[in-house]
């Protein structure tokens with residue numbers, strides 16, 4: 001079968017690899033019908049060394065179940081399914097608390113942590129298939145597929161940011177980052193009732209989509225200038241919640257620059273740093289709460305899918321290009337160049 | 001009048017200073033009847049340079065109103081009052097949200113931020129007296145004074161940790177630090193219903209008091225050994241909440257070592273660091289929330305005082321020595337040597 005591999009920074013190739021196949025009784029084999037490139041895939045695209053490659057890529061997909069292991073009970077051949085970016089049994093103590101990204105099952109993992117499988121491919125072996133996969137009540141060629149595909153990661157991740165940030169009708173919100181996750185955070189903040197949603201981003205096509213999703217203000221400036229602008233928009237105080245959807249240190253610094261005293265910074269951009277300011281001058285002195293992490297998108301699918309099926313939200317608008325699998329390397333490049341916001345792969 | 005000054009690390013003196021007096025119409029002048037030395041006073045006691053001294057010390061007190069400015073409406077000469085460690089108008093947008101430590105009034109400040117006043121003294125000028133001070137319904141020589149004095153800081157600070165940490169009957173809790181604030185955090189976690197409260201501390205007199213306040217387990221080990229011990233006590237998982245009442249980096253590292261995935265670290269020990277680990281390996285990967293800050297103890301007085309007056313809690317047990325004002329330098333030394341847990345000053 002064909003699959004996408006990253007050899008090192010900037011070097012993505014589509015190659016023939018051994019066919020994925022069932023290994024454990026709880027596995028399913030899925031023929032992928034839609035996957036995509038994630039903003040987080042761009043982190044290794046900038047930094048991967050040859051020693052860490054080649055790595056199979058992709059953690060978001062929709063596909064058709066081709067075969068199930070003997071212990072799989074809720075799925076059958078022919079089912080159309082969506083997969084969260086994290087594999088979980090959806091049954092352990094953490095899963096029951098809706099923290100599937102911390103599932104305690106030995107086979108639980110992130111797709112990015114599984115050596116021989118990736119979603120930017122023709123097929124994939126899904127461990128813990130009953131827990132991980134969710135059936136979709138549409139056909140594989142439905143016009144809703146792009147929106148349903150966002151349930152894998154970006155919609156649930158933006159929603160996780162807003163939920164953990166405590167967004168509600170009484171909170172003002174700043175979203176940092178106009179990538180797909182940032183735009184999903186805007187949509188999520190709107191869904192949770194926020195009336196003022198300030199989007200910090202400087203790519204107009206994206207911030208225009210952000211306005212469509214619910215942003216009330218756009219701040220193109222960055223750093224201290226950007227912080228000053230947000231403060232100006234909030235009577236000098238900053239916003240109750242900041243949703244940080246980038247992961248780089250300047251975005252974190254912006255976050256504590258624009259947060260209101262007593263407010264919450266919710267991070268879903270994967271931090272590209274380990275140490276950062278959290279002392280008296282940044283978080284502690286003003287009682288700032290820092291929260292967030294890898295989104296248990298499995299937990300949010302049941303809640304968000306009906307809104308997609310009913311046309312209430314259209315998160316699939318973040319896809320501005322569709323290519324076939326061989327187009328994956330070009331898709332990475334186009335996203336890295338910011339020619340495309342998010343590229344859908346239709347193998 | 002007599003007041004306590006810190007000249008530099010280890011050098012505390014009681015000297016004659018100009019009498020405190022009313023300066024603004026909203027001031028009150030208070031004759032101090034009880035104050036104390038705080039664990040946070042030991043930070044400058046370890047690190048202050050002569051360039052930063054001499055500094056007036058003390059931010060916790062009970063006293064009798066001697067005089068009020070013409071704009072003070074809720075207090076009169078003779079009232080016995082307690083002061084939070086933060087001055088606030090108790091009326092601004094932040095105060096109404098119970099975040100008096102971020103009061104937006106220009107005269108709002110922490111006592112430690114006011115150059116010419118300190119509570120380890122015979123008298124003190126209290127700015128924004130109507131907002132800051134709370135009347136006590138007892139006499140200045142009541143046996144309840146030590147407990148009521150903890151409303152200034154340590155009780156409210158421990159309680160803030162527990163409230164911000166989201167402690168309730170379904171959460172397990174680790175408290176890091178067996179100083180007065182740590183012990184108050186134990187008492188607070190118990191008051192909020194936690195059933196398992198693990199106290200990390202190695203001074204037996206203190207951890208014994210911690211057990212009296214509600215600790216179910218005591219872990220004397222520190223660092224990795226201590227983390228392993230807490231994990232052993234919690235089925236390998238760690239606790240839902242960690243209340244960090246120290247402020248040094250090793251305590252913070254312990255905090256993220258013993259926190260359960262999805263849990264909350266609530267800090268009230270004033271951080272003696274600015275940068276610290278918050279990336280994938282420490283907080284982000286397991287969806288850990290970090291919260292806390294200077295406690296708006298003003299906000300908690302109305303809630304906690306009745307429990308003291310009714311004898312339900314006895315936080316004053318943290319005081320294990322009482323000296324007169326001239327004994328302040330010895331009190332610092334005794335607390336620093338850990339001969340005393342917390343020293344009450346009765347001028």
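The values are calculated or read from the model by the stated rules, or taken from the named source; none is laboratory data. These figures come from a predicted structure and were not determined experimentally. Every residue, glycine among them, receives a Cβ derived from its backbone with ideal geometry; neighbour counts consider all protein chains shown.
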For this session: Tell me which of these residue B:94 doesn't satisfy, since it passes every other one: (1) within 14 Å of another protein chain (Cβ to nearest Cβ); (2) in a strand (DSSP E or B).
Result: (2)
For this session: Restrict the check to the range B:203-224 and report whether at least one residue is more than 10 Å from chain A (Cβ to nearest Cβ), in a strand (DSSP E or B) and either out of contact with any helix residue (DSSP H, G or I) (no Cβ under 6 Å at 6 or more places or on another chain) or touching a residue at least 60 places away in the same chain (Cβ under 8 Å) (or both).
Result: no
For this session: Those residues that are outside any strand (DSSP E or B) and crowded, with 22+ Cβ neighbours inside 10 Å, I need them from the range B:47-71; list them, please.
Result: B:57, B:58, B:59, B:60
Exercise. In the range B:280-330, how many are buried (at least 21 other Cβ atoms within 10 Å of the Cβ) and under 30 Å from residue A:247 (Cβ atoms)?
Worked result: 12
For this session: Determine which member of the set B:286, B:260, B:267 is facing chain A (nearest Cβ under 7 Å) and in contact (Cβ under 8 Å) with a residue 40 or more places away in the chain.
Result: B:267
Problem set entry | Residue satisfying condition, being in contact with a strand residue (DSSP E or B) (Cβ under 6 Å, 6 or more places away or on another chain) and surrounded by 20 or more Cβ atoms within 10 Å (Cβ to Cβ), within set A:157, A:171 | A:171
For this session: Mind listing whichever residues of the range B:256-279 are crowded, with 23+ Cβ neighbours inside 10 Å and within 19 Å of the chain's Cα centre (by Cα)?
Result: B:265, B:266, B:267, B:268, B:269, B:271
Seminar exercise, completed: If we keep only residues of the range B:299-315 that are more than 13 Å from residue B:158 (Cα to Cα) and touching a strand residue (DSSP E or B) at 6+ places or on another chain (Cβ under 9 Å), then the residue nearest to the other protein chains (Cβ to nearest Cβ) is B:302
Exercise. Restricted to the range A:98-109, and to residues that are under 17 Å from the mean Cα position of the chain (by Cα) and outside any helix (DSSP H, G or I), which residue is nearest to the other protein chains (Cβ to nearest Cβ)?
Worked result: A:99
Exercise. How many residues are at positive phi and in contact with a strand residue (DSSP E or B) (Cβ under 9 Å, 6 or more places away or on another chain) when one looks only at the range B:226-267?
Worked result: 3
Exercise. Within the range B:38-46, is there a residue that is in a loop (DSSP other than H, G, I, E, B), touching a strand residue (DSSP E or B) at 6+ places or on another chain (Cβ under 8 Å) and at negative phi?
Worked result: no
For this session: Return yes when residue B:26 is surrounded by fewer than 22 Cβ atoms within 10 Å (Cβ to Cβ) and modelled with pLDDT of 95 or more and no when it is not.
Result: no
Seminar exercise, completed: Of the conditions (1) facing chain A (nearest Cβ under 9 Å); (2) in contact (Cβ under 8 Å) with a residue 40 or more places away in the chain; (3) touching a strand residue (DSSP E or B) at 6+ places or on another chain (Cβ under 7 Å), the single one that residue B:274 does not satisfy is (2)
For this session: All but one of (1) assigned to a helix (DSSP H, G or I); (2) at pLDDT 95 or above hold for residue A:112, so report the exception by its number.
Result: (2)
